[in-house]
Amino acid sequence: MTAGQQTVDEETTPARGWGLNTWDSPWLNFKFLLGVAIVGLILLFGLLGPLFWDTDLAYTGAGPLNKPPVWQEGGLPEHPLGTESNGRDMLAQLILATPSSLKVGFLAAIIGMGIGMVLGSVAGYVGGWWDHVIRTLSDSAVTIPALVVLVVIASYVQMTDTTAMALILAAFAWPGPTRLVRSQILTLRERSYVRMAHLSGAPALEIMFVEMLPNMLPWLAASLTGGISVAILSATGLEVLGLGPTRVPSLGLIINQATTNAALVRGLVWWWLPPIIILMVIFVGFFLMTIGLDEIANPRIRQFSSTRRERTAAGEMPPVEHVDDRAEGGKDDSLAVDDLHVHYFTPRGEIIAANGVNFSVRKGEILGLVGESGCGKTTVAMAILQVVQPPGRIVQGAVRIEDQDLVSLSGKALREVRWRDLALVPQGAMNSLNPVTPIREQMGDAILAHENVGRMELEARILGLLNDVGLPERVIDMYPHELSGGMKQRVCIAMAIALNPQVIIADEPTSALDVVVQRVVAQTLLEVKERLGVSMVMIGHDMGLQAQLVDRIAVMYAGNLVEVAPVESAFAEPLHPYTQLLIESIPSIKERKPLNVTEGLTHDLRNPPPGCIFQFRCKHVEQICRERRPELVEREDDHLVACWLYEPERHSLIELDEA
């Protein structure tokens, strides 16, 4: 990259300093922040209240008896929330009681969480008899009716302060966190970075508390906020029953005194209602914090419409803009993708994953869709299948099979099209097959979802499909874990061709396979294509494999198609600089030479630059490349490219713009 190119990058790409990174933080979840604000206001009410109100009024005989709030007839300004039968000021009681109730919840939940983190970490990481003992204890503790036991304990143990009650509640608060931490540790200890830490000689404590626990912080925080609510609810229940400490004011004690003095019957609403309202507000605050933390830990929990509203404050999503461009599609096309736009609406901005993608797949043709990781290949495939997951959404475009626009379909109509007209060979066969279901049932389900066939006919079809992809008949009764990676992938191919679809999307079908198995799978796909005449979209990174398999190749960069050409033409004379770099990066077995590495990084997909999208990494960049985006047009016979290098009038165009 030249110095001039670096200057352009600095000028057009927004700086991401401390402030932007801070506001982009996933911890800035609206529900979480709203919950924090609610709980914070309640805390401030209890902690700062004594600075603004005389809390001595909370004691017996401090004021007149049974005075209503100031807004009712007979109310006194010096007692704005009224007084109760013993002359105690209600506002002063609430100020003293709120911190006491919160203290019980925080203390019990923190102690329970601490015990749970230690026991869960030991059980999950160390395993063995430690895991057996801890798991048995935690599972047994969960089955105990905690509230009943608490009532019995409180009846015999005289609790003088909130600390004693918190310790008793903490004794029942640790099983949940223990089970949560153990399950997460069991998953995390299989991750590669944990294994690397173990191989590097890191001690077990460092691995558990430095490598693993930080990755569980959102889950632990959500569990903690939920535990605080449960502890406050349990403590309040005991206090209402008269089993809590009587020397320390608390919200439950106020309700207990109101009940004892028949406040509800006597119509003294201001005695029992305010503590209930404060408890409700506390629970709502912690509930919002919990669900906010759940969304932070797992963004998929968030509904797409909510994410969109958060970004636009618009209330409803705009409808998909359908493109009616049928005149451009040929009659020999099995699949036509017209002006496809797929965006991901995230808290950090709108990510443009596919930007006006146009291509067609002819009958009996294999079209290769290539590009580096993150360029939008799989997003386009998922959009063709109409399975883009939130927060992604097709915002514009059309996907047509025989003049039927799949974007306009939904529900039953889409299910009819999938697998009958359009099928998928997934990227990871080992994760796409149900490990506890035999191959017979999995392949049979795909057929029975669309056709009513008898048991004997179904089995014959499955055996025929397995034979078509080169698998022995015994595979029909086997489970996925009994098959090799290549056999699993061929089972997925057999399932894809079960209903003779017109188009098959093969999403990196040879990834994670050794070269021998790759060739077997590739040969299977070619045989399927020749025998059935099916059209395919072959997605992948391996340019060498693409050269052997596909008829035409489409190159994607940053969500845009930059070149579409017959495979022979693309490799013999690639036009786009990015395509040239991809082909040059293929290692040569004829001579040893340094690998060509594509320098630089893709631009921020939330903020595409004006002009050519490849300008920051292109060694041929000119002024027009920085100002105007080239269109994907045909430069040679059936060879399309989006690059100003092949526009002879580019200099006159920029002069015209300047004029």
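The values are calculated or read from the model by the stated rules, or taken from the named source; none is laboratory data. Source: prediction; values computed, not measured. Every residue, glycine as well, gets a Cβ built from its backbone with ideal geometry; the counts of neighbours run over all protein chains shown. With ligands, DNA and RNA removed, areas are computed over all heavy atoms of the protein, side chains included. Shrake-Rupley method; radii C 1.70, N 1.55, O 1.52, S 1.80 Å.
What to note about this one:
- For I366, distant residues with modelled amide H under 5 Å away: M536, D551, R552
- The relative contact order of the chain comes to 12 percent, based on Cα pairs under 8 Å that sit 6 or more residues apart.
- Residues whose amide H falls under 5 Å from that of T346, counting only those 5 or more places apart or on a different chain, are I351, with hydrogens built in the peptide plane.
- In Hz, Karplus ³J(HN,Hα) per residue of region 123-140 (6.51, -1.76, 1.60; θ = phi - 60°; x = Gly, Pro): 5, x, 8, 6, x, x, 5, 4, 4, 4, 5, 5, 5, 5, 5, 5, 5, 5
- Cα centroids of region 82-113 and region 49-74: 16 Å apart.
- Unpaired by the 4.7 Å Cβ criterion, cysteines found in the chain: C375, C492, C618, C643
- For region 379-386, putting each phi into the Karplus relation 6.51 cos²θ - 1.76 cosθ + 1.60 with θ = phi - 60° gives couplings of 4, 5, 4, 5, 5, 4, 7, 6 Hz, in residue order, rounded to whole numbers and with x for Gly and Pro.
- At most 10 other Cβ within 10 Å, DSSP loop - GluC sites (Glu not before Pro), region 510-597: E591
- A cut-off of 5 Å between modelled amide H atoms, ignoring neighbours fewer than 5 places along the same chain, links Q396 with E321, H341.
- Burial order of peptide ranges 94-102, 258-266 (average beta-carbon count within 10 Å, highest first): 94-102, 258-266
- Restricted to Cα atoms, region 390-546 shows a radius of gyration and a Dmax of 15.9, 47 angstrom.
- For region 420-462, dividing the convex hull volume of the Cα atoms by the residue count gives 80 Å³ per residue.
- Angstrom value of the Kirkwood radius, inverse mean 1/r, which spans all Cα pairs in the chain: 30.4
- Spin-label zone in region 530-568 - amide nitrogen under 11 Å from a point set 7 Å from the Cα of I586 along the C-beta vector: 542-550, 567-568
- Convex hull of region 155-219 built on C-alpha atoms - directionally averaged projected area, nm²: 6.1
- In the context of the full set of protein chains, the chain has a per residue accessible area of 49 Å² (1.4 Å probe).
- Dipole of region 509-623, positive end: most advanced residue of V516, H541, F571 [Cβ charges, Cα centre]: V516
- Residue-span extension gain [L601 to R635] - 0.36 nm each, minus C-alpha spacing: 9.5 nm
- Computed [θ] at 222 nm, helices only, for the chain once each DSSP H run of length n ≥ 4 contributes -39500 (n - 2.57): -15000 deg cm²/dmol
- Region 489-504 - phi-based ³J(HN,Hα) in whole Hz, Karplus 6.51/-1.76/1.60, Gly and Pro as x: 5, 6, 4, 5, 5, 4, 5, 5, 9, 4, 10, 6, x, 7, 10, 10
- Spatially close lysines, pair count over the chain: Cα under 20 Å, gap of eight or more or interchain: 4
- Placing +1 on each Lys and Arg Cβ and -1 on each Asp and Glu Cβ, with no other charges, gives the chain a dipole about its Cα centre of roughly 2540 debye.
- Cα-based helix-to-principal-axis angle, 90-121 vs the chain, degrees rounded to 10: 50
- Extension gain, T260 to L51: 0.36 nm times the residue separation minus the Cα-Cα distance gives 72.1 nm.
- For the chain, carbon and sulfur atoms together expose 58% of the accessible surface, with a 1.4 angstrom probe and every protein chain in place.
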